[in-house]
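First up is the structure itself, then whatever we jot down about it.
The values are calculated or read from the model by the stated rules, or taken from the named source; none is laboratory data. Here the structure is a predicted model, which means the values were calculated and not measured. Note: ideal-geometry Cβ built from the backbone for every residue, glycine included; neighbour counts use all protein chains shown.
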Amino acid sequence: MKKILLLLTFLSFTYGFAQCYIEGNSSITVGETETYTLKNNAGQCTDCHHWSTFARNVTLQGDVKQSIIKVNAHGAGQFILSMDMLSPRGKVQCSKVIDVVPKPSAEIYNSPACDIGTEGFKEVKISDGTVSFVPSKAETHLKYEWTAEYDNGEKKISAESAAQFAYSKEKGIRSVSLKVYTSKCMRTFTKTYDANYWRFY
């Protein structure tokens, strides 16, 4: 029994030691800066880390070799923050998907008191190669106009309340815009995606 307990303790220690988790908010507002750190920092030294991202809508601030990094968001969209580190047991990698959301002051037309409750949209994977974009708040009295622009310049349009668009590793979606209409006003929301986002989606 003691041998089994020792084995379980060793396995738990090894598993916990080999994992790394990025701590920090899962969303950033455009124009703001958030700090991200490692929950289990088992680096061999203080500068044995490497933070990276392929996103064009954010900037990493600070020393990317340390266990803490700041991210400044300057464009709406979604990106992947990655971290590699050298530990006594070898190289460890982890990543975190982060949303960059627009400032609350979305475009409003025709009325100082717009009656649209939607504040943006999110992605929902339907299947490999198909993604649905869903408003943050579905309302039956609204009209929707979605525009997806691909990396090759092609555009697809949908008038469904929840639009579905095809994607692939070779043909990623560069940006998605949503126009929401009522009889009183219109709001526009836009997200951009980095070149590698759809490779890992």
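Of all residues in the range 92-131 being under 30 Å from Ile68 (Cβ atoms) and not in a strand (DSSP E or B), which is modelled with the highest pLDDT? Walk me through it before giving the result.
Here is the first cut: in the range 92-131, the ones under 30 Å from Ile68 (Cβ atoms) are 92-104, 120, 122-123.
After this cut, where a residue has to be not in a strand (DSSP E or B) as well, the list is 102-104, 120.
Values: Pro102: 75, Lys103: 66, Pro104: 51, Gly120: 84.
Taking the candidates together, the pick is Gly120.
Looking at the range 171-201 only, could you name the residues that are in contact with a helix residue (DSSP H, G or I) (Cβ under 9 Å, 6 or more places away or on another chain) and over 24 Å from Lys143 (Cβ atoms)?
Matches in the range 171-201: Lys171, Gly172.
Applying the selection to the range 172-190, what residues are out of contact with any Ser or Thr (no Cβ under 6 Å at 6 or more places or on another chain) and modelled with pLDDT of 90 or more? Show your work before the answer.
As a first pass, look at the range 172-190 and keep what is out of contact with any Ser or Thr (no Cβ under 6 Å at 6 or more places or on another chain): 172-174, 176, 178, 181-183, 186-189.
Matches in the range 172-190: Gly172, Ile173, Arg174, Val176, Leu178.
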